[in-house]
Structures are given as C-alpha cells and as structure tokens.
Amino acid sequence: QVRVVESGGGLVQAGGSLRLSCATSGRPFSQYAVAWFRQAPGKERKFLVSISWSGTRTSYTDSVKGRFTISRDNAKRTVYLQMSSLKPEDTATYYCAVTRGDYYSTIPESGSNAYAYWGQGTQVTVSS
C-alpha cells in the first residue's frame, strides 16, 4: 500500500555530516508518522527518531539528540534525517518506516507495531 525508499547513505569520516531521505508513495490522502531505525553489524535493529504528520511532534533516542534532526516535506512526501558529528558507532543500515494509521500531531511509541511499511535500507559507514 505504501512504498518506502531510503537514499543518501554512504561513507563519511568521523565528524562529518550526511543527509538521508525517505521518499514515500501510494497513500496520498493519509497522514502517517515516520520513523528512522538502524541496525549495526551484529546488533538488533533499534529506533532512532520519529516525526508526526504535522511535524509538531518528534522523538529522538538519547544517543543522537543534538546530532540528528528529522524533518519532512509533505508536499514531496519525503522525510529527511540530517546527521551531523557522525561517529564510528553510527555505522549501520538505516531504515525508514511508515505507520499504518494516521498520526497528525502525535507519534506512536518506538517499540509499537504501528510502523507497517519499511524500506530496504541505506548503508551509512563512518570511518575513524
């Protein structure tokens, strides 16, 4: 029902910046929330950040607060993740996920099953 495509990953040196994009399509009249997750080699997938449809509610995991910023352009149906001051421990595959229901000014809990549509991921590698 919803197509999710991440892009913008790559190789960057520690301290550098990178902007990821999450392009969505297929549900033009819904008002979904979006989240970014990441999975490092040998680790479980973990929640990073999320944003409501309106952009008025966001949530950040502690490890990226002050370094990562989530935003969205609903006219383009695209969500962005601006990453700064990157560290080697940020190396992971980054996934974008979209909720099944509408979340205009609220966001679901990070551990909930509200995120129903996932992209294939984009690789981010941060060198020392």
Handout entry: Hits in region 28-54 - residues which are open to solvent by less than 60 Å² (accessible area, probe 1.4 Å) and in contact (Cβ under 8 Å) with a residue 60 or more places away in the chain
Key = Ser30, Tyr32, Ala33, Val34, Ala35, Trp36, Phe37, Arg38, Phe47, Ser50
Handout entry: Where Thr69 falls short, out of the listed (1) open to solvent by 60 Å² or more (accessible area, probe 1.4 Å); (2) in a strand (DSSP E or B); (3) in contact (Cβ under 8 Å) with a residue 60 or more places away in the chain
Key = (3)
Handout entry: Residue selected from region 72-109 under the condition under 24 Å from Gly26 (Cβ atoms) and among the small types (Gly, Ala, Ser), by the criterion surrounded by the fewest Cβ atoms within 10 Å (Cβ to Cβ)
Key = Ala75
Handout entry: Residues located in region 51-66, provided they are in a strand (DSSP E or B) and over 18 Å from Val5 (Cβ atoms)
Key = Thr58, Ser59, Tyr60
Problem - Only one of Ser50, Ser84, Ser71, Ser54 that is out of contact with any strand residue (DSSP E or B) (no Cβ under 8 Å at 6 or more places or on another chain) and of a type outside the set (Lys, Arg) - result: Ser54
Practice task
Filter region 8-27 down to the residues that are open to solvent by 60 Å² or more (accessible area, probe 1.4 Å) and touching a Ser or Thr at 6+ places or on another chain (Cβ under 8 Å), then identify the one that is farthest from Ser63 (Cα to Cα).
Solution key: Leu11
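The values are calculated or read from the model by the stated rules, or taken from the named source; none is laboratory data. None of the values given here were measured: they were computed from a predicted structure. Cβ: placed from backbone, ideal geometry, glycine included. Neighbour counts: every protein chain shown. Surface areas here come from the heavy atoms of the whole protein model, side chains and all, with no ligands, DNA or RNA. Shrake-Rupley method; radii C 1.70, N 1.55, O 1.52, S 1.80 Å.
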